[in-house]
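**Q** Below: one structure in structure tokens.
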Amino acid sequence: MSVYSTILTQSEFVDKDSLSYPFEERGLQFGDGVYEVIRIYKGEYYLLKEHVDRLYRSAEAIKIKIPYHKEKMTDLLHQLMEKNNMKNDGKVYMQITRGSAPRDHAFPYEVTPNIYAYLQDLPRNEKILENGVKTISQRDVRWENCYIKSLNLLPNVLAKQTAKENNCYEAILHRDGVVTECSSSNIYLVKDGKVYTHPATNNILHGCVRMAVERFLKAENIPLIEEAFQIEDIQHADEMFLSSSTSEVLPVIQLDNVVVGNGEPGKITRTLQRAYEQDAKITDKLIKNV
Ligand code: PDD
């Protein structure tokens with residue numbers, strides 16, 4: 001097992017297993033913080049700028065002042081990769097909490113954020129990228145600021161667990177039947193050559209891969225309609241897919257008891273998977289049957 005380093009607030013690199021925090025830490029006690037997950041292919045970050053920009057947006061939204069500029073954060077992330085001699089496919093997980101302070105809901109202004117990041121291997125999941133996944137619907141019971149990538153993930157955790165217990169890969173979330181996103185990915189429906197997805201409002205996380213998908217669709221002249229669809233629309237969908245940094249562009253072939261389209265990954269989904277592989281400069285391509 002690799003021992004990866006950690007970025008501390010002081011720009012230090014340490015053995016990740018040596019890191020500890022006082023129990024009065026606001027991330028631990030209140031989920032008072034934000035995070036990012038960035039995909040890595042062969043030791044290169046994918047969509048790094050988009051992720052760093054979102055990290056700063058999330059932190060600002062909850063009044064955490066990150067003690068570095070974006071350039072320094074980016075440089076530290078590159079150093080982390082080098083220090084670990086990372087050459088594999090993987091991901092970086094990073095989080096910024098408000099810091100350590102005596103427990104009180106209201107926060108002290110002078111507290112210093114706790115920051116760390118570490119790398120993990122993450123091979124591409126060839127089988128599901130080829131065959132697609134099954135999903136389950138769940139009520140979206142989250143708060144109204146889902147555009148913030150906050151550490152408060154309990155509704156997402158419970159929705160994903162329900163999916164897992166039902167042999168599904170993801171939970172598709174809906175508010176009164178209106179589909180928002182999944183527990184840890186964005187969701188799309190294809191009908192008559194057009195792609196539908198929830199608009200980038202406060203009710204969803206503005207996915208970095210979602211932004212890339214928007215770009216791919218534009219390049220392919222495939223219309224993207226940023227209009228929310230309903231759970232019941234899925235019965236008439238031609239295709240569905242989801243997107244995230246860890247899942248890429250992933251075909252969805254079933255929701256609850258409803259088979260999507262003909263039950264196989266669709267043409268537009270395949271086009272986007274190919275575009276993703278090109279954009280991420282993936283050399284050992286898996287999407288062969290296109
Ligand atoms: N999740 N929606 C939610 C609720 C998410 O948690 C994520 C990412 C996405 C997709 O965002 P992106 O394309 O930037 O990865 C959408 C990450 C992977 C996670 O929590 O592990």
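**Q** Let me spell out the model: positive unit charges on the Cβ of Lys and Arg, negative unit charges on the Cβ of Asp and Glu, origin at the Cα centre of the chain. What dipole size does that give, in debye rounded to 20?
**A** 360 debye
**Q** Another one. Could you state the principal axis extents of the C-alpha atoms in the stretch 126-279, from the largest down, to the nearest angstrom?
**A** 36, 30, 28 Å, listed from the longest principal axis down.
**Q** Of T283, T201, T97, which has the most accessible area with a 1.4 Å probe, and how do the rest follow in descending order?
**A** From most accessible down to least: T283, T201, T97.
**Q** When averaged across all projection directions, what area in nm² does the alpha-carbon convex hull of the chain cover?
**A** On the way: hull surface 61.4 nm².
If I average the Cα hull's projected area over directions, I get 15.4 nm².
**Q** Taking a 1.4 Å probe, which of T162, T112 shows the most accessible area, and what order do the others take after it?
**A** Per-residue accessible area, sorted high to low, gives T112, T162.
**Q** Then there's this: Pull up all non-local amide H partners of E170: gap of 5 or more, or a different chain, and H-to-H distance under 5 Å with H placed in the peptide plane.
**A** When sequence neighbours closer than 5 places are left aside, the close amide H contacts are I136.
**Q** How long is the gain from I62 to E110 if the chain were fully straight, where each residue apart is worth 0.36 nm and the alpha carbon distance is subtracted?
**A** Here the segment from I62 to E110 would lengthen by 15.8 nm.
**Q** Right, here's the next one. Could you tell me how far the Cα centroid of the stretch 205-250 sits from the Cα centroid of the stretch 130-176, in Å?
**A** 16 Å
**Q** Here is a follow-up. When only C-alpha pairs under 8 Å and at least 6 residues apart count, what is the relative contact order of the chain, in percent?
**A** In percent, rounded to a whole number, it is 17.
**Q** Could you state the principal axis extents of the C-alpha atoms in the stretch 6-121, from the largest down, to the nearest angstrom?
**A** For the stretch 6-121, the Cα extents along the three principal axes come out at 43, 29, 20 Å.
**Q** Give the long-range amide H neighbours of I225: residues separated by 5 or more places, or on another chain, with amide H under 5 Å away, using H modelled in the peptide plane at 1.01 Å from N.
**A** Answer set, sorted by chain and number: V195, Y196, T197.
**Q** Taking amide H positions as placed 1.01 Å from N in the peptide plane, with prolines and chain starts having none, which residues 5 or more places from V252, or on another chain, fall under 5 Å of its amide H?
**A** The list, which skips near neighbours in sequence, is V133, M240, F241, L242.
**Q** Further question: Suppose we keep just the DSSP beta bridges with both residues in the stretch 126-279; what percent of those would be antiparallel, to 5? All intermediate terms of the calculation are to be shown ahead of the outcome.
**A** Working: 19 of 29 bridges.
Of the beta bridges lying entirely in the stretch 126-279, close to 65 percent run antiparallel.
**Q** For the chain, which longest stretch is free of loop sites, where a loop site is one of the trypsin sites (Lys or Arg not before Pro) that DSSP puts outside H, G, I, E and B and that has at most 13 other Cβ atoms within 10 Å?
**A** 104-280
**Q** Could you check how much of the accessible area of the chain is carbon and sulfur, as a whole percent, using a 1.4 Å probe?
**A** 49 percent
**Q** Same structure, new question: Can you tell which of A159, A219, A237 shows the greatest fluctuation in a Gaussian network model of the chain with Cα springs below 10 Å?
**A** For the chain, modelled as a Gaussian network with Cα springs under 10 Å, the answer is A219.
**Q** What figure in square angstrom, to the nearest 10, would you give for the accessible area of S184 with a 1.4 Å probe?
**A** The value for S184 is about 70 Å².
**Q** Could you work out the Kirkwood radius for the stretch 74-160, taking every pair of different alpha carbons, averaging 1/r and inverting it, reported in Å?
**A** About 17.0 Å, per the Kirkwood formula over Cα pairs.
**Q** Nearest 500 deg cm²/dmol is fine: what mean residue ellipticity at 222 nm does the chain get from its DSSP H runs of n ≥ 4 alone, each adding -39,500 (n - 2.57), divided by its residue count?
**A** -8000 deg cm²/dmol
**Q** Within 10 Å, at most 16 other Cβ atoms, and a DSSP state outside H, G, I, E, B define an exposed site. Report the longest part of the chain free of exposed chymotrypsin sites (Phe, Trp or Tyr not before Pro).
**A** Between the exposed loop sites, the longest stretch runs 144-290.
**Q** How high is the relative contact order of the stretch 49-126, given as a whole-number percent (alpha carbon pairs under 8 Å, six or more residues apart)?
**A** It rounds to 31 percent for the stretch 49-126.
**Q** Over all Cα pairs of the stretch 237-290, how is the pair count split among 10 Å bins, expressed in % and running from 0 up to the last occupied bin?
**A** Spelled out per bin, shortest first, that is 24, 52, 21, 3.
**Q** Compare E130, E165, E181 in a GNM of the chain, Cα atoms joined below 10 Å, and give the one with the largest fluctuation.
**A** E165
**Q** When the chain is modelled as a GNM with alpha-carbon springs shorter than 10 Å, which of P102, P251, P199 fluctuates the most?
**A** So, out of P102, P251, P199, the one fluctuating most is P102.
The values are calculated or read from the model by the stated rules, or taken from the named source; none is laboratory data. Remember, predicted model here, so these are calculated numbers, not experimental data. Here the Cβ is made from the backbone with ideal geometry for all residues, glycine too, and neighbour counts use every protein chain on show. Ligands, DNA and RNA are excluded from the accessible area calculation, which covers all protein heavy atoms including side chains. Shrake-Rupley method; radii C 1.70, N 1.55, O 1.52, S 1.80 Å.
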